[in-house]
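Inspection log for the structure reproduced underneath, given as structure tokens.
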Amino acid sequence: MTKVVVLFSGKGSNLEALIERLHGKRVGEDEIRIVPITNRPDAGGIERARRHGIESVVVDHTLFESREAFDAALVQAIERHDPALVVMAGFMRILTPVFTSRIDAINLHPSLLPLFKGADAIRKSFESGMKVGGVTVHRVTRELDSGEILAQACVPIDANDTLESFTKRVQALEHRLLPETVVALLKERAAG
Ligand code: GRF
């Protein structure tokens with residue numbers, strides 16, 4: 001069995017897309033298990049995962065004295081599962097070297113990096129005057145939203161789009177691109 005840890009903080013629509021695409025399925029010889037981990041006991045993704053019979057691990061960041069102490073507890077929770085891959089899907093935490101020096105992770109970001117790093121990326125894309133926005137999956141490094149780009153895809157910004165209509169298309173693309181990228185990485189790993 002091969003585990004994929006998914007870190008999330010919010011509604012977990014990307015977590016659910018990964019569960020639906022991968023949990024209990026085979027990639028190569030391996031059966032994949034999704035292990036959801038969140039920093040928020042009230043994250044909506046906990047209920048979404050539960051609907052698929054999956055309990056999430058909660059490492060509540062408010063219970064820790066410092067970022068480093070939380071990151072150390074998060075690293076421990078991840079390493080306990082010895083995952084083949086760690087995916088950040090809407091994990092709203094700035095990570096310290098305590099995490100980035102120990103864990104190789106990939107992250108989903110809702111803009112065409114290196115444009116619009118950080119928070120509010122969808123609105124920044126929408127208001128940029130560009131004709132396209134998009135989604136990026138990249139490796140996590142110490143510097144925010146700056147690691148090697150693994151996958152990208154564009155979303156047109158139409159003249160009659162609203163922020164809401166554009167956001168819906170970005171999120172629909174995320175739910176496709178992230179699982180596709182995770183499967184490709186797992187196949188690469190299985191091929192050795
Ligand atoms: C996604 O848009 C992701 O790109 C961003 O946060 C959002 C998470 O959404 N980092 P969800 O919790 O997966 O629904």
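The values are calculated or read from the model by the stated rules, or taken from the named source; none is laboratory data. From a predicted model like this one, the values you see are computed outputs, not experimental measurements. All Cβ positions, even for glycine, are placed from backbone atoms using ideal geometry, and neighbour counts span all protein chains on display.
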task = Would you mind stating whether Pro83 is touching a residue at least 60 places away in the same chain (Cβ under 8 Å), more than 16 Å from the ligand (Cβ to nearest atom) and of a type outside the set (Phe, Trp, Tyr)?
result = yes
request  = Within region 144-155, track down each residue that is over 15 Å from Ala121 (Cα atoms) and either surrounded by fewer than 14 Cβ atoms within 10 Å (Cβ to Cβ) or among the polar types (S, T, N, Q) (or both).
outcome  = Glu148
query = Quick check: is even one residue across region 2-13 within 16 Å of the ligand (Cβ to nearest atom), without any contact (Cβ under 8 Å) to a residue 60 or more places away in the chain and farther than 12 Å from Val87 by Cβ?
reply = no
request  = Consider Thr181 carefully, then state whether it is closer than 29 Å to Met1 by Cβ, within 14 Å of the ligand (Cβ to nearest atom) and in a helix (DSSP H, G or I).
outcome  = yes
task = Determine whether region 51-59 contains at least one residue that is modelled with pLDDT of 95 or more and within 19 Å of Val140 (Cβ to Cβ).
result = yes
